[in-house]
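Here's the structure, in structure tokens; my notes come after.
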Amino acid sequence: MKVESHTPRIEIHLGPEPIVESAPSCDQETGFGASCEFSGRVRAVNFGRAVESVHYDAFIPLARKALQKIAEEALKEAGSPGSIRIQHRTGAVGVGESSVWIQVLTPHRDEAFRVCRTVIERLKHEAPIWKKEVYTDGETEWLKGHSLCAAGRNS
Amino acid sequence: MIKVRFFGALRRCADSDGFFELPVDPGTILSAGDLKRILTSEFEKRGFQMDLVLISDSVIADDESILQDHEPVQVREGLAVLPPVCGG
């Protein structure tokens, strides 16, 4: 396989459906020897408070664009061909359930680890997604986040 | 009057569908920063003092991009106000 000419395959899904953490499909290129996955799950306790669920809000059209850009730039920064799949839940997600899942395929493990880490960190800081914790005592709280004020038109 | 969309913690200041009405005529051209100043004024009038900091930390966006404060925007239904984010 001539990896130099590879066009990144980037798949993004945001929605209320449970995340299906799946293996790469067999039609994907076999030149990718490394698969790195990150799954973020809802914790039962956060800062000492018992959590019942987390409600995710998202500005879908812009979140999709932001994640596409993050994925493309992460591969470019790593100087690697690759494929990336990102799934993020919206709506209510129960304790123990996966709220976000990222799968990165690259030829070698170093790029896979680095790209996966970059994608999740930038997702948390740049994608227009918000979460509200619902506690077992019935109270709720929107979690503090990262301002997008530094982002420009091309962000 | 036009309605802008609120997300995240700003939803507690919006109607049940996530919209917030502003006293601006549709089609008016303002900067995104001017729109935030109008939002601040409306928050003060409506008693949302606790959430003023959310407006200062928010950005105005449409379906395509985030608008910097100096950028002109034609006021219309559906513009989004995005507070600090915390996905994942």
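Bear in mind that the values in this text are calculations on the coordinates, not laboratory data. Predicted model, so just to flag it, every value in this text is computed and none were measured. Positions of Cβ are backbone-derived with ideal geometry, glycine not excepted, and every protein chain shown enters the neighbour counts.
Some points to look at:
- Residue by residue along B:2-11, Cβ atoms of other protein chains within 10 Å of the local Cβ number 4 on average.
- Cα Rg, Dmax (largest Cα-Cα span) when computed across the protein assembly as shown, Å: 19.6, 64
- Shielding of A:64-71 by partner chains, average beta-carbon count, 10 Å: 1
- Rounded to the nearest 20, the size of the Cβ-charge dipole of segment B:2-82 about its Cα centre is 260 debye, with Lys and Arg at +1 and Asp and Glu at -1.
- Modelled label positions at residue A:76 and residue B:25, each set 7 Å beyond Cα in the direction of Cβ, lie 4.2 nm from each other.
- For residue A:147, the residues whose amide H sits under 5 Å from its own are B:85, ignoring neighbours fewer than 5 places away on the same chain, with H placed 1.01 Å from N.
- Using R0 = 22 Å, the C-beta based FRET efficiency linking residue A:30 and residue A:69 works out to 0.20.
- Other-chain or far-sequence residues with amide H under 5 Å of residue B:68's (modelled H): A:153
- Distances between placed amide hydrogens fall under 5 Å for residue A:53 paired with A:134, all partners being 5 or more residues away or on another chain.
- Couplings for segment A:35-51, taken from phi via the Karplus curve 6.51 cos²θ - 1.76 cosθ + 1.60 with θ = phi - 60°, read 10, 10, 10, 10, 10, x, 10, 6, 7, 6, 9, 9, 6, x, 9, 6, 9 Hz in order; Gly and Pro are left as x.
- Pair-distance profile P(r), taking every C-alpha pair of segment A:61-149, with 5 angstrom steps and integer %: 3, 13, 22, 20, 17, 12, 8, 3, 2, 0
- Residue-averaged beta-carbon neighbours from other chains (10 angstrom radius) around A:140-151: 6
- Span from the segment B:35-88 Cα centroid across to the segment A:37-66 one, whole angstrom: 22
- Radius ratio Rg over Rh of segment B:2-82, counting only Cα atoms, Kirkwood formula for Rh: 0.92
- Each peptide in B:8-14, A:143-149 gets a packing score, the mean of other Cβ atoms within 10 Å over its residues, and the list from highest to lowest is B:8-14, A:143-149.
- Cross-link pairs A:124/B:36; A:144/B:3; A:69/B:36; A:76/A:144; A:76/B:36; A:65/A:131 - those with Cα-Cα distance over 28 Å: A:76/A:144; A:76/B:36
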